[in-house]
Structures are given as structure tokens and as C-alpha cells.
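Following: one structure in C-alpha cells, then a few remarks.
The values are calculated or read from the model by the stated rules, or taken from the named source; none is laboratory data. Treat the numbers as computed from the prediction; the structure is a model and nothing was measured. Neighbour counts run over all protein chains shown; Cβ positions are idealised from the backbone, glycine included. For the accessible areas, the whole protein counts, side chains as well, though only heavy atoms, and no ligand, DNA or RNA atoms are used. Shrake-Rupley method; radii C 1.70, N 1.55, O 1.52, S 1.80 Å.
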Amino acid sequence: MGKMILFAGKEFPAGNDMASGASFQGRKVIATSIALPAEKEGEGENNGEVQKAGGILLVNWNRASALSCRSLALKCENEGGIDEAVLVFDEFYLATKYRDVDNNAQILEELVASYQYLAQELIARFNRQPNRMRKLVFLYKSNYSLADGINSSTVRASGIELSNPLIAAAAGAFQAYAENLAARLAAGANITPILVSCDSQNDLSKRDSSLSVWLCEYMDSIDALKKPLSPKQKVSWVKAGAKNPSGFGILGF
């Protein structure tokens, strides 16, 4: 059976292209889906079940709930356990989705704490099977902020949705957490952290299916390395579209 991969953070159906790209690469795919209000409260008819859409396994994820993060990790384990987990912070998608949200607590719970809760739950389950090699990917698709709009006439003229202060701060938190969690995992052997950045000028930015295909190929190339990645490589951001893991470079934001 092929590898099982989880995509969390760009909820189905918005994340359909990303999931489909991995499926094309022979992965068995699990993707997070937006929970209905009743399901968030534990009352939904399909609450607790893994559903299926076009060959993709869908799991409801209530971002604001630490318990939901634990349940998500458990459901993945019940499906045979995942080999690759991809936590996606698509800043433009989130800036659009949370356009009218001006609630600090909601943003902190749904766009900051949720990724941290889920990462910790996944790591805990990975460590219960230390002989099974896993990958934990933080995929950051950046967006222009309100400050960028002030500083650049080109950005102002583009008419795109800019990240408000709360979204921009959450993006910064995602990057900082990813880097430092990767540093904590860098010396271990059973979990390989991978940090991937994709800015709006990247050719893969508008094509999630192609981005996903590249990511799967990139992870396969890591498996083929004769020598494991060094700790420095594990905490370095890789630009989406990079040809091979031997060419890691530290990227600034």
C-alpha cells in the first residue's frame, strides 16, 4: 500500500486540488474538512466518522478545539497511521476566509493554537512507533499584508485581498513555531521536519495540485538520499519548486 498523507489547514473543498495532486502521486490522502455546527458540538450524524469524496478521506476538524485536534490524530491512526503530515497555512485563503473576523481570541484559537495543538498530537502518536519513519511538513503560502499595500504601489493596484493585522500576526506565529519545532525535532531520526515556503510570485502558488505533486516528489527524493538531512537543513525553509533536497538554502522572510 502507498504512503498515507494528511493535509490539514486548507479545509475541503478549498483544499481539493492539493489533495488530488497527492492522490495522483499514489498517496492515500486524508484531508481536513469544515465541520458543520452540529458536528462541532458532537451531535452530528457523521460525527467521529471518516467520510469519502472522490477517493479522498475527509475528517472534520474544529480548529478551536484541542479535543478535535486529538480526535483528528486518532482518526488518522485508525486509518492505518499517516506517513506524511502537511500543515498548510495558505495566507491568502485565510485572509479571504477571515476577512470580516476582528476577534483576537478567535484568530488565536483557530489560526495559531490549532496548528500547535495538532502538531503536538501528531508527534505524540508518531513517537509511539519510533521505528516508523514519518515526515512533518509546514507549508506556508504567503500573502501581502496591509503594510505591504502602503509600501508598494504595485500591491495597492493589484486589488488582491491583503492580510489584516490578525492574519499577518498568525502567519508570523506559524513560521516561528514551524522553525523552532523543527529545531526540537532536528536531532531525532523517526520524524523529519520539512519547512516549505511558497510566495505569491512562485509559479506553483496558484496551482495547488502542481504544488502538491512537487511536494510529494520532493519528499520521495529525501527518502532516496544516502545521507539523512542535517539539523541545519531541517530548520531551513525550502522554496516550493526546488529541484532536490541537497540544494537547501536558508530563506529570509
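Cβ separations smaller than 9 Å between residues 6+ apart or across chains give the following pairs from segment 48-71 residues that are farther than 14 Å from I34 by Cβ and at pLDDT below 85 to residues that are in a loop (DSSP other than H, G, I, E, B) and not charged (D, E, K, R): G48/G42. For segment 145-161, a residue qualifies if it is open to solvent by less than 50 Å² (accessible area, probe 1.4 Å) and aliphatic (A, V, I, L, M), and exactly one does: V155.
The conditions of being more than 17 Å from the chain's Cα centre (by Cα), at pLDDT 95 or above, closer than 23 Å to Q201 by Cβ and not in a strand (DSSP E or B) are met by A147. Note on segment 4-16: among residues that are closer than 22 Å to A171 by Cα and aliphatic (A, V, I, L, M), the one that is surrounded by the fewest Cβ atoms within 10 Å (Cβ to Cβ) is A14. Quick check on segment 162-174. Is at least one of its residues in a loop (DSSP other than H, G, I, E, B) and open to solvent by less than 30 Å² (accessible area, probe 1.4 Å)? No; the residues of segment 162-174 include none that is in a loop (DSSP other than H, G, I, E, B) and open to solvent by less than 30 Å² (accessible area, probe 1.4 Å). Can you tell me which residue in segment 147-180 is farthest from Q233 (Cα to Cα), limited to those that are aliphatic (A, V, I, L, M) and touching a strand residue (DSSP E or B) at 6+ places or on another chain (Cβ under 7 Å)? Filtering segment 147-180 for residues that are aliphatic (A, V, I, L, M) and touching a strand residue (DSSP E or B) at 6+ places or on another chain (Cβ under 7 Å), the one farthest from Q233 (Cα to Cα) comes out as L162. All of (1) under 20 Å from the mean Cα position of the chain (by Cα); (2) on the phi > 0 side of the Ramachandran plot hold for I194 with one exception: (2). Selection over segment 175-184 of residues that are open to solvent by less than 30 Å² (accessible area, probe 1.4 Å) and either in contact with a Ser or Thr (Cβ under 7 Å, 6 or more places away or on another chain) or not small (G, A, S) (or both) gives a count of 2. Considering only segment 17-34, I want to know if a residue exists there that is open to solvent by 30 Å² or more (accessible area, probe 1.4 Å), at negative phi, at pLDDT 90 or above and touching a strand residue (DSSP E or B) at 6+ places or on another chain (Cβ under 6 Å). Yes; the residues of segment 17-34 include at least one that is open to solvent by 30 Å² or more (accessible area, probe 1.4 Å), at negative phi, at pLDDT 90 or above and touching a strand residue (DSSP E or B) at 6+ places or on another chain (Cβ under 6 Å). Selection over segment 199-249 of residues that are part of a helix (DSSP H, G or I) and either open to solvent by less than 20 Å² (accessible area, probe 1.4 Å) or within 21 Å of S23 (Cβ to Cβ) (or both) gives a count of 18. Within segment 123-131, one or more residues are aliphatic (A, V, I, L, M) and within 28 Å of T192 (Cβ to Cβ).
May I ask you to list the residues in segment 64-113 that are part of a loop (DSSP other than H, G, I, E, B) and surrounded by 23 or more Cβ atoms within 10 Å (Cβ to Cβ)? I82, the sole residue that qualifies. Among the residues in segment 133-142, are any in contact (Cβ under 8 Å) with a residue 12 or more places away in the chain, of a type outside the set (G, A, S), more than 20 Å from I82 (Cα to Cα) and out of contact with any strand residue (DSSP E or B) (no Cβ under 8 Å at 6 or more places or on another chain)? No, because not a single residue in segment 133-142 is in contact (Cβ under 8 Å) with a residue 12 or more places away in the chain, of a type outside the set (G, A, S), more than 20 Å from I82 (Cα to Cα) and out of contact with any strand residue (DSSP E or B) (no Cβ under 8 Å at 6 or more places or on another chain).
The sole residue among Q116, Q120 that is touching a residue at least 60 places away in the same chain (Cβ under 8 Å), open to solvent by 60 Å² or more (accessible area, probe 1.4 Å), of a type in the set (S, T, N, Q) and assigned to a helix (DSSP H, G or I) is Q116.
In this structure, is A187 open to solvent by 60 Å² or more (accessible area, probe 1.4 Å) and within 29 Å of Q129 (Cβ to Cβ)? Against the criterion (open to solvent by 60 Å² or more (accessible area, probe 1.4 Å) and within 29 Å of Q129 (Cβ to Cβ)), A187 qualifies.
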